[in-house]
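Report on the structure given below.
The values are calculated or read from the model by the stated rules, or taken from the named source; none is laboratory data. Please read these numbers as outputs of a predicted model, since none were measured by experiment. Neighbour counts run over all protein chains shown; Cβ positions are idealised from the backbone, glycine included.
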Amino acid sequence: MSKKKVYFKTFGCRTNIYDTQIMMQNLSRDDFELVKDEDSADIVVVNSCTVTNGADVSARGYINGLNRKDKKVFVGGCGALSKGEELFKNGKVFGVFGHSEKENLNRLLKSKEKFVQIGDLKSLDKSIVEEYLGKSKAFIKIQEGCNFRCSYCIIPYVRGDARSQDEALILEQISKLASHGFGEFVLTGTNIGSYGKDKGSSLGGLLQKIGKIQGVRRVRLGSIEPVQIDESFREVLGEPWLERHLHIALQHTNEQMLKIMKRRNHLKSDLELFHELHALGYALGTDFIVGHPGESEEIWRDAIKWVKEFPLTHIHAFRYSKRDGTPSAKLKNSVNGEVSKARLKELQSIVQEKNFEFRARNRVSLEILVEEKKDGFYIGYDQFYNKIQIDSNTDITKEWVQIGDYDVQRSGNKAKF
């Protein structure tokens, strides 16, 4: 009997990319065959995201398309917990499984009966990812869950409380991947700055050990909170293997808005922190929610005034999306959609200009990991997490290249190699 062909579709964050690798690795090649496109698959596993309403809509639209193609669909990820039962009841999916069940995927895909197995929100992965097919860098999940309860966020309710992965397992995984040729490692999780708090350790302590592993060339971090940059973290800021870019989640730059959002950071200390890190040569990114209920015109103008004071180079900004079950969903004083669109554009424009100014001013030699070839050019990211377009007659995909001479343009850096 021929093996069923399985395709994985991943929505959302880096943590989901990692989780998909865990699922792929736990799929027996004796039972199933992995394929690279959905059209040739018998089974599609959707690793869903639920961080915004838009994320739910995207996953649901994709699943509807699969139904029209008569595919057997299984849904996991964060959306399995928030929308899985609804999809199941409407006959859209054959099976629904929670985060704790993903290592049992081989058994689940062989099920003859339709099912919903949500599991619990206390589990940690036991598997080690040893390969990332087709990838130039490796994602390493170091923790799961979040103890913060920001008023707008659904994620703690679908990922659970913060819990740290075993340090030995993390180091073993990085060692194996480094021995397979991976040099860049992206640490990911729901709230990575909380790493070690439940085990008497710290993110800074973990980073020190990672940096000593042979073959580790660059360590990149997912989003961390301002309050999580402690002394142990400051001790690694001068290490050559730590990417010269940090993504520190502010979410807003108005003190009143931070209180409404139930954030733990404060404007004055945030600004001091960013200038401290900027002085050390770091490019700095942040998350920012525009149009949260209560964001009056007065609050917005104050926020923009302060944004201009922050030495920002990157921004992941998005319009507020109501999530049922969160405190923000009950708030009044909502912001008009067209207003929030205009605010988002204004914010992004300011940070784009700051990024250009940083690249123009900071003319240092760039160390780039080339990730792909696209439209005739090689594309990679430098140590400041800025994209660069490289013209080369040599195939440099997945190679590390050092570039000292390059053009700084508003659309990005460009070079010949």
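Going residue by residue through segment 388-402, is there one that turns out to be over 15 Å from Glu243 (Cα atoms), touching a residue at least 60 places away in the same chain (Cβ under 8 Å) and surrounded by fewer than 17 Cβ atoms within 10 Å (Cβ to Cβ)? The answer is yes, given that some residue of segment 388-402 is over 15 Å from Glu243 (Cα atoms), touching a residue at least 60 places away in the same chain (Cβ under 8 Å) and surrounded by fewer than 17 Cβ atoms within 10 Å (Cβ to Cβ). Pairs meeting the criteria (first residue in segment 111-132 and outside the structural domain of Ser179 (by TED's automatic domain parsing), second residue among the polar types (S, T, N, Q) and part of a loop (DSSP other than H, G, I, E, B), beta carbons under 6 Å, at least 6 apart or on different chains) are Leu124/Gln165. Considering (1) under 23 Å from Ile224 (Cβ atoms); (2) of a type outside the set (Lys, Arg); (3) touching a residue at least 12 places away in the same chain (Cβ under 8 Å), the lone condition that Ser175 does not fulfil carries the number (1). Candidates Glu276, Glu309: the one that is closer than 26 Å to Lys387 by Cα, assigned to a helix (DSSP H, G or I) and either touching a residue at least 40 places away in the same chain (Cβ under 8 Å) or among the charged types (D, E, K, R) (or both) is Glu276. Do you know which residues across segment 371-382 are crowded, with 22+ Cβ neighbours inside 10 Å and either out of contact with any Ser or Thr (no Cβ under 6 Å at 6 or more places or on another chain) or modelled with pLDDT under 95 (or both)? Within segment 371-382, Gly380, Tyr381, Asp382 qualify. The helices (runs of 4 or more DSSP H) found entirely in segment 45-105 that carry 3 or more residues being on the phi < 0 side of the Ramachandran plot, without any contact (Cβ under 8 Å) to a residue 60 or more places away in the chain and not polar (S, T, N, Q) are 53-68, 84-89. Quick check, is Gly325 loosely packed, with under 15 Cβ neighbours inside 10 Å, assigned by TED's automatic domain parsing to the domain that holds Ile224 and touching a helix residue (DSSP H, G or I) at 6+ places or on another chain (Cβ under 8 Å)? The answer is yes for Gly325.
The set of residues from segment 329-354 being among the small types (Gly, Ala, Ser), touching a Gly at 6+ places or on another chain (Cβ under 9 Å) and modelled with pLDDT of 95 or more comprises just one member, Ser340. For Arg361, the conditions (1) farther than 30 Å from Lys83 by Cβ; (2) surrounded by fewer than 13 Cβ atoms within 10 Å (Cβ to Cβ); (3) within 24 Å of the chain's Cα centre (by Cα) all hold with the exception of (3).
Looking across Val351, Val335, one residue alone is surrounded by 17 or more Cβ atoms within 10 Å (Cβ to Cβ), touching a Leu at 6+ places or on another chain (Cβ under 9 Å), in the same structural domain as Ile260 (by TED's automatic domain parsing) and in contact (Cβ under 8 Å) with a residue 24 or more places away in the chain. It is Val351. Look at (1) surrounded by 18 or more Cβ atoms within 10 Å (Cβ to Cβ); (2) under 19 Å from Leu66 (Cα atoms) and you find that Asn90 fails only one, number (1). In this structure, Ser269 does not satisfy being touching a Pro at 6+ places or on another chain (Cβ under 8 Å), buried (at least 19 other Cβ atoms within 10 Å of the Cβ) and farther than 30 Å from Asn413 by Cα.
Identification of strands (runs of 3 or more DSSP E) wholly contained in segment 355-417 with 3 or more residues that are under 25 Å from Lys135 (Cα atoms) and touching a Gly at 6+ places or on another chain (Cβ under 9 Å) yields 366-374, 387-391. The condition of being closer than 26 Å to Glu131 by Cβ, in contact with a Ser or Thr (Cβ under 9 Å, 6 or more places away or on another chain) and modelled with pLDDT under 90 holds for only one of Thr15, Thr52, Thr10, that being Thr15. When restricted to residues that are touching a residue at least 40 places away in the same chain (Cβ under 8 Å), over 13 Å from the mean Cα position of the chain (by Cα) and surrounded by 20 or more Cβ atoms within 10 Å (Cβ to Cβ), segment 1-21 contains 2.
Entry remark, segment 1-31: residues being in a loop (DSSP other than H, G, I, E, B) and closer than 17 Å to Ser58 by Cβ number 3 in total.
The criterion of being surrounded by 21 or more Cβ atoms within 10 Å (Cβ to Cβ) and either closer than 20 Å to Phe384 by Cα or without any contact (Cβ under 8 Å) to a residue 12 or more places away in the chain (or both) holds for Ile315.
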